Amino acid sequence: MYVEDRISNFPDHIRCHILSFLPIQEAVRASIISTKWRNLFASISTVDFDTYLLCGLTDRNVDSFKNFVDRLLKFPDQLSLDCFRIRGDEIASWNDGDHDFDVSGWICGAVCRGVKEIDLYLDNFCHTLPALLFTCHSLRTLTLVAKDSKIFEVPSEVCLRNLKTLCITNSVLIGDSLNRLISNCHVLEDLAFDECSVAYAREIIIQIPSLKSLYLDFFFPIGALNYVVVIDAPNLVYFRYDSVVVKGYSLSNMKSLEKSEICIWFDSSNYETSAIHLFQGICNVRSLRLTIHEVIPLKSRFPILHNLIEFKFFGKETWLVEFLHCAPNLKTLTVLLQDVAGTRWNIDAPCLSFHLKKIEILDYTTDMIEIVRYLLDNSMVLEKLIIRVNAMNATRASKARNQLLPLLKSSKKDLIVIL
């Protein structure tokens, strides 16, 4: 029975688009099924080298694979690339030295083909990333993940003038490498440094008017926290910061901020004022998730967060009380307390009287009963109180529910939900 091959009659650009969704080895196989497909693999717009392909290479076929990649990336007069991706994992990496792949040459080939997106998972950036990558004017998205924490060397000349998304993961940035890397990214919208270390730098400076999303997850050498973080981003909408509190913060022009996630801990009690400066910089935020791993005595008051309507707090009771004072328009509160210190809850927080409509308490324990009672009695416009009991310990969960049931029955508000 004859079956008509309709796909082979599609125009070249449609068949190239179809090939771009296949793993590279499948795209090559498809290119040999007929003469109409034979040379199309060199025109595909997405090149994706994954670990499945890497693990499938043997001593017999590795040289053929190298020749194939050279034809795919290094020959002139080919169509531009939408995406070039080299994916590894914790076990295998394309530049681990076992196969002597010319990964740097592959990256240069992609750059010369006007690539728009580069996504690299490599064993070591240090001797792999070519300088040409950092002056690629066609690049829109750059994602770099190191298999192990390695020094990320940034060349002296960087100009990624069309780059909109930059994500660096698991790397060590020395001196002013970070500042140099982003200094000429004038249209950058999304910037992330995930699990990165900064060493021998005095300032981390991020001054990008176009920036909309910023994620900073830094770890610093022990005892070397003499840094100042400077952020000037008037169009920033989302800000996430996971780090030990450093010497100073200068956050300005963050009037567009909608959502922020802050996770901090203290290496020195001398930097409590610095933490307050961090919160002052995000004072226009509407939704805040705050995690504080250690608590030191507060010497300064928090800034007033007039725009804050949603607050998720994970930490100790004392800082929660302070925050409720400073969020007069809060509507939704989610709480996970690390411990209950017996703080007096006789607080005068305007949000309780006029705005707070929903409270959710996570991982409830019996020593929180007075907190629940106070919130229930003093939240005048409360519509729902959700209490989640940790069911991992059946005995404790049963005691918690039995403790809460009388409060539920005595309440005049039909709003308590126990889960």
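Annotations
- Across the range 149-292, the mean sequence separation of Cα contacts (distance under 8 Å, 6 or more residues apart), normalised by length, yields a relative contact order of 17 percent.
- Solvent-accessible surface (1.4 angstrom probe) belonging to R373, in square angstrom, nearest 10: 90
- Environment charge of V237, counting only residues whose C-beta is closer than 13 Å and scoring Lys/Arg +1, Asp/Glu -1: +1
- For the pair N184 and T143 in one chain, pulling the backbone fully straight at 0.36 nm per residue adds 13.1 nm over the alpha carbon distance.
- HN-Hα J in Hz across the range 46-55 - Karplus 6.51, -1.76, 1.60, θ = phi - 60°, x for Gly and Pro: 10, 10, 10, 9, 9, 5, 4, 5, 4, 5
- Rounded accessible area per residue of the range 149-292, 1.4 Å, Å²: 40
- The coefficient of translational diffusion for the range 149-292, derived via Stokes-Einstein from the alpha carbon Kirkwood radius under 20 °C and 1.002 mPa s, stands at 140 µm²/s.
- The chymotrypsin sites (Phe, Trp or Tyr not before Pro) of the range 139-202 that DSSP puts in a loop, and whose beta carbon has at most 13 other beta carbons within 10 Å, are Y200.
- Computed FRET value (nearest 0.05) for D119 with D363, which takes r as the C-beta separation and R₀ as 30 Å: 0.20
- Kirkwood-Stokes translational diffusion coefficient of the range 304-418, alpha-carbon pairs, 37 °C, 0.692 mPa s, µm²/s: 229
- Accessible area expressed per residue, the range 304-418, with surrounding protein chains retained (probe 1.4 Å, Å²): 51
- If you plug the beta carbon distance of E383 and T273 into 1/(1 + (r/R0)^6) with R0 = 35 Å, you get a FRET efficiency near 0.40.
- Given K74/K147; K212/K259; K116/K164; K312/K357, the pairs whose alpha carbons are separated by over 18 Å: K74/K147
The values are calculated or read from the model by the stated rules, or taken from the named source; none is laboratory data. Just so it is clear, the model here is predicted, and its values are computed rather than measured. Here the Cβ is made from the backbone with ideal geometry for all residues, glycine too, and neighbour counts use every protein chain on show. These accessible areas exclude ligands, DNA and RNA; they are computed on the full protein's heavy atoms, side chains included. Shrake-Rupley method; radii C 1.70, N 1.55, O 1.52, S 1.80 Å.
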